[in-house]
Amino acid sequence: MLNTLFPRFPVSGWAVALLWLTTLGAAAGCKSNSPEPTIVAPPTSPPPVAPPAPVLVGSTLVGEFTTAQLAARVSDIPLVGALARFPIKVYRLTYTTRNTDGQPVTASGAVLVPVAPAAVPVISYQHGTLQPDEENRAPSYYSSRSEIWSAVSVLAATGYVVSAPDYIGYGASKALPHPYEHGASLASASADMLRATREFCEQQRISVNQKNFLLGYSEGGYATMALHKLLEEKYATTLPVTASAPGAGAYHKSAFAKYILNSTEPLNFLSTYVWVLRTYDRVYQLNRPLSYYYQQPYATRLQTDPFSAVPEQAAELFAPAFRQAVLTGSDAALTATLTANDVYDWQPRAPLALFHGTADDYVPFFNSQDAYNAMRARGATQVELRPIQGGTHFTAAPIYTLQAYAFISQF
């Protein structure tokens, strides 16, 4: 969850077709002094696999920017501006993806293209939390307040095409509710944006290589982890992951829920957790009254304004029966929504580095520690845990950006 300010990665894929010949011998129907003919079956091949339907709908040039302009945007970060090697062009793409109900929708995102002489990799960069009144911070607007304006643009200028999805609920799909922290739709919207980016590059004869990198912090870190998992499950040959570097994501949703509802300390992020609950209640059609989740007067206030202020003490905000249901797992339907959004316990094949501030009190460090432990236990050998010592959710963000860039630069 939360906003941050930094980069994204490369991608490419290929498909391999197998062809075989089957030779059959035939028995003679009658005896003859002549050699019996050998009947050879015609060559056969697997039935052709139809390529996936294109997802790109349209593109618009937003602007072109020199290396000097890009360097000026990061002048407060020593030496970073010097990394910009190429001018970049920024485009707004629209593409087709599917909403949480499976219905097709038109979504959008930004593509940052370096004007480079050789083929470059692709980065999929997933942004952090945007409140409803921060619509113009979505990547496709390419505003000076967006995450991709400064350091991510410099990253593109080092030699990466950057694919930055808005997600459902922003940009072209802003009339729809954003499915906040819903793993499946964050992953599919990001994957389809990556597909659209590849289609756009082919259409515009922009040369990209086969490498795909995944980056993102906070909600973007969670989206990056969900995207990595989806790509390896569904697009292993067409969009293979080269490496990913998610930062400070809430990967262990079921444990995070218990952490929150057990806490006796002030939690300054409870307004965003209200958003998570609202999303899961809608997407999974739990259809519980707000009084099931919240005590008064907050249930009534949240009914009127879903983003109204809430207290920082969990015991003051959440209804006792709801707290008990989460802590004991007694509400099976509710528990299922949390475990459905756990993305910590699986076995990635591509290299993955987990970055997280050890003093993060917004998305606790245990989310990355649990993911590392679970992945290693499953036999993942290319998973690393990269603690940012003493980093909070906010102070660790710029450190994450630089360290994630260094990590992907190895590949």
Rounded, prolate or oblate (a/c below 1.5 giving rounded, otherwise prolate when a/b exceeds b/c) for the stretch 332-411 by Cα gyration tensor = oblate
From largest accessible area down, sort Ile148, Ile77; use a 1.4 Å probe on the protein chains.
-> Ile77, Ile148
Sequence-separation-based contact order of the chain, relative, with Cα cut under 8 Å and 6+ spacing, percent = 17 percent
Additional length obtainable on full extension of the chain from Lys258 to Thr66, 0.36 nm per residue less Cα span | 64.2 nm
Give, in nm to one decimal, the length gained when the segment between Ala119 and Thr96 is fully stretched (0.36 nm per residue of separation minus the Cα-Cα distance).
-> 5.7 nm
List Ser271, Ser124, ordered by accessible area with a 1.4 Å probe, largest first | Ser271, Ser124
Taking square-rooted eigenvalues a ≥ b ≥ c of the alpha carbon gyration tensor, is the stretch 127-203 rounded, prolate or oblate, where a/c under 1.5 means rounded and, failing that, a/b exceeding b/c means prolate?
-> oblate
First check a/c for the stretch 309-355, with a ≥ b ≥ c the square roots of the eigenvalues of its C-alpha gyration tensor; if it is under 1.5, answer rounded, and if not, answer prolate when a/b is larger than b/c or oblate otherwise.
-> oblate
Under the definition of Cα pairs under 8 Å and six or more residues apart, what whole-number percent is the relative contact order of the stretch 124-268?
-> 24 percent
Post the alpha-carbon centroid distance, the stretch 75-95 to the stretch 158-212, in whole angstrom.
-> 18 Å
Using a 1.4 angstrom probe and counting only protein chains, how large is the accessible area of Lys174 in Å², to 10?
-> 130 Å²
Could you check the simple spin-label distance between Gln204 and Glu384, using points 7 Å along Cα→Cβ, in nm with one decimal?
-> 3.2 nm
Added length on full extension, which subtracts the Cα-Cα distance from 0.36 nm per residue, Asp361 to Ala309 | 16.8 nm
Compare Ser244, Ser150, Ser409 by solvent-accessible area with a 1.4 Å probe and give them largest first, with all protein chains kept in place.
-> Ser409, Ser150, Ser244
Once Lys and Arg are counted +1 and Asp and Glu -1 for all other residues with Cβ under 15 Å from that of Glu134, the total becomes -2
If the label point sits 7 Å along Cα→Cβ of Ala336, residues of the stretch 250-293 with amide N under 17 Å come out as 254, 280-288
In the stretch 194-226, which residues have a backbone nitrogen under 15 Å from the label point lying 7 Å from Leu176's Cα in the Cα-to-Cβ direction?
-> 194
Check each of the trypsin sites (Lys or Arg not before Pro) in the stretch 44-126 and keep only those in coil by DSSP with at most 14 other C-beta atoms within 10 angstrom; list them in order.
-> Arg85
How much accessible area does Trp346 have with a 1.4 Å probe, in Å² rounded to the nearest 10?
-> 20 Å²
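The values are calculated or read from the model by the stated rules, or taken from the named source; none is laboratory data. What you see is a predicted model, and the numbers here were worked out from it, not measured in a lab. Note that we place each Cβ from the backbone using ideal geometry, even for glycine, and neighbour counts take in every protein chain shown. Quick note on the areas: whole protein, heavy atoms, side chains included, nothing else; ligands and nucleic acids left out. Shrake-Rupley method; radii C 1.70, N 1.55, O 1.52, S 1.80 Å.
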